[in-house]
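Beneath this line is the structure, given in structure tokens, with notes to follow.
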Amino acid sequence: MTRVLFFALLTLVACRQAPHAVTVVYAESAEDFPNPERGFYRPTNVFASHYEALSEDVLKSYRAPSKTPKMAYSVVSTLVYRDFVLDSFRDQPLNADFLHRVSADFNTARQAGVKLIPRFTYTLDTKKGSCPDGAICPPYGDASKTIVLAHIAQLKPVLQEHADVIAFVQMGFIGIWGENYYTDHFGDASNNNPQKKLTDANWADRIDVLKALLDALPPDIMVQVRTPQTKQRFIYGIHAPVTAAPLTYDEAFTQTDKARIGFHNDCFLASADDYGTYDDYGNSSTPHHSENTTLRKYFADDSRHVVVGGETCDDTFSPQNDCGPAGHAEQEMSAMHYTYLNMAYNNDVNNDWVSGGCMERIKKNLGYRLVLKTGVFPSEVSHTDSMHITLTLENVGYASPVNARPVELILRNTEDKTTHTLRFDVDLRKWYSGKITLAEKFAMSAIPAGAYELLLSLPDSHRALSGRPEYSIRLANQNTWEEKTGFNNLNGQVTVH
């Protein structure tokens, strides 16, 4: 009896000394607001032959809602697509002046608080004629493999220097618009070529270009290719079947080439196969044919772990490319994990999402949208103890954040406003659509006694941008975002003693 009473007394004392857990329930916000590396992008083209630099003021204005005359909707943007058209360098090296201008554009983007999606191309022009495709006839006007590889080598120092403001890179370089299709030098799989397919040599040349571009970039930057088969043939070889395995959870975000290759679909829901996006383009021993079902499955599975973006291009595939119930635009974006789309093309398609009633959801759900649900943390903790904190969130967007960034708990002193940063041991790139639990135990030994506000920070991973609020992730909640600091206020306090 004495032993029972003794242990009961110990339990009672422990309960009285244990800090009280506080639970905060957060309200979701319906607001559409800018967040880094996601959403509708602003397209810009610049020609080497008559270079027009980016404007810092214009880039800054993109964070506020705006639209073009052809748009029935407005958007906020943190992404700028930059198509560098190398029209005056198709047969010669890039010069120092051009490289300086490219570097200046990256500096302007940094000052403005946006990130770029670069693509390098040689021509945007099409020529009509008597060829089978009629509206697009050879010669197409792109550059040879030798020139392309030399240009990538010249661009490498610039891309490395400005990696902090590069969100993702589109492969480009090959063919009209850099879409790797109508090309003079890398195999023409269009109707203009009697064989209508790519040979083993064509695939080998394309693989060399993609490899060079991957090697020119830091290993944390993804490169997007135009078709899923391009990735399959790069990873598994030029005879790889369309049944080649997609990226797995364990392989994701490991900085391998397989983990770094995403997709840009420049004809989203334009036809049953998105204008050949899901074709098998053959090789020297196999023909070009449709593999729509198999490659769509591969795309959906692989894209869970890599960046996907692009644009609409043709409204004739209606009502399939409309809002539900007649169309399945939202379902397609979710299944294929879209992070971004072009806000300017094709608005014959995009405007239908306004009249159909799904545009506001699309604007908010492209990429990630992180909603804080509850927070559980102590009201007080001993300097010699550890603090347990549990946050529950939900990603209601179509994709996870695809670029690495720290997840930090900020303790801000209520009196002198000094801050202390504690880092969660978590990879937010695996915060896929759905429920998320963020739980950690933090030692308090380095935290001085005092009362502290609790905040969550998701800053950019690059040192030059980590203190910039424009590059921090904002949670989709009411009364949590601090615009001046880039912190998400958890609306709770802890006293350290």
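Values quoted throughout were computed directly from the atomic coordinates according to the rules given, and no laboratory measurement underlies them. Please read these numbers as outputs of a predicted model, since none were measured by experiment. So basically every Cβ, Gly included, is an ideal-geometry build from the backbone, and we count neighbours across all protein chains shown.
Values as computed for the structure displayed
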item	result
Extension reserve of the His239-Asp133 stretch, reckoned as 0.36 nm per residue once the Cα distance is removed	35.4 nm
Leading residue at positive end of dipole, the range 39-365 (Cβ point charges), from Phe106, Cys131, Val306	Phe106
With 10 Å bins from 0: P(r) over the range 49-133, alpha-carbon pairs, percent	14, 36, 30, 16, 4
DSSP bridge pairs, the chain: antiparallel proportion in percent, nearest 5	65
Partner aspartates and glutamates for Lys373 [C-alpha distance under 17 Å; skip if fewer than 8 residues away on the same chain]	Glu28, Glu31, Glu394, Glu440
Estimated FRET transfer efficiency (Thr126, Asp427; beta-carbon r; R0 41 Å; 0.05)	0.40
Candidate lysines - alpha carbon under 20 Å from Lys197, same-chain residues fewer than 8 apart omitted	Lys145, Lys231
Computed helical MRE - 222 nm, the chain, DSSP H runs ≥ 4 contributing -39500 (n - 2.57), nearest 500	-7500 deg cm²/dmol
Positive-end extreme of charge dipole, the chain - chosen from Tyr278, Val148, Pro219 (charges on Cβ)	Pro219
Rule-of-thumb Rg ratio for the chain [Cα; 2.2 N^0.38 Å; N residues]	1.10
Phi-based couplings in Hz for the range 129-136 (Karplus 6.51, -1.76, 1.60; Gly and Pro marked x)	x, 9, 6, x, 7, x, 7, 9
Whole-Hz couplings from phi, Karplus 6.51/-1.76/1.60, listed for the range 344-361; x for Gly and Pro	10, 8, 9, 6, 4, 7, 4, 5, 5, 6, 6, 5, x, x, 10, 4, 4, 5
Viscosity 1.567 mPa s, temperature 4 °C, Stokes-Einstein D of the range 400-473 from Kirkwood C-alpha radius, µm²/s	95
Stretchable slack from Thr419 to Glu31, in nm (0.36 nm times residue separation minus alpha-carbon distance)	136.8 nm
Estimated inter-spin distance, Thr374 and Tyr51, nm [label 7 Å along Cα→Cβ]	5.7
Neighbour-count ranking [beta-carbon atoms within 10 angstrom, fewest first] of Lys67, Lys364, Lys231, Lys128	Lys128, Lys67, Lys364, Lys231
Point-to-point label distance, Ala335-Val24, nm (Cα→Cβ direction, 7 Å offset)	4.0
Proxy reagent accessibility, fewest Cβ within 10 Å first, across His288, His50, His337	His50, His288, His337
Sorted peptide list for 154-166, 237-249, criterion being average Cβ within 10 angstrom, highest first	154-166, 237-249
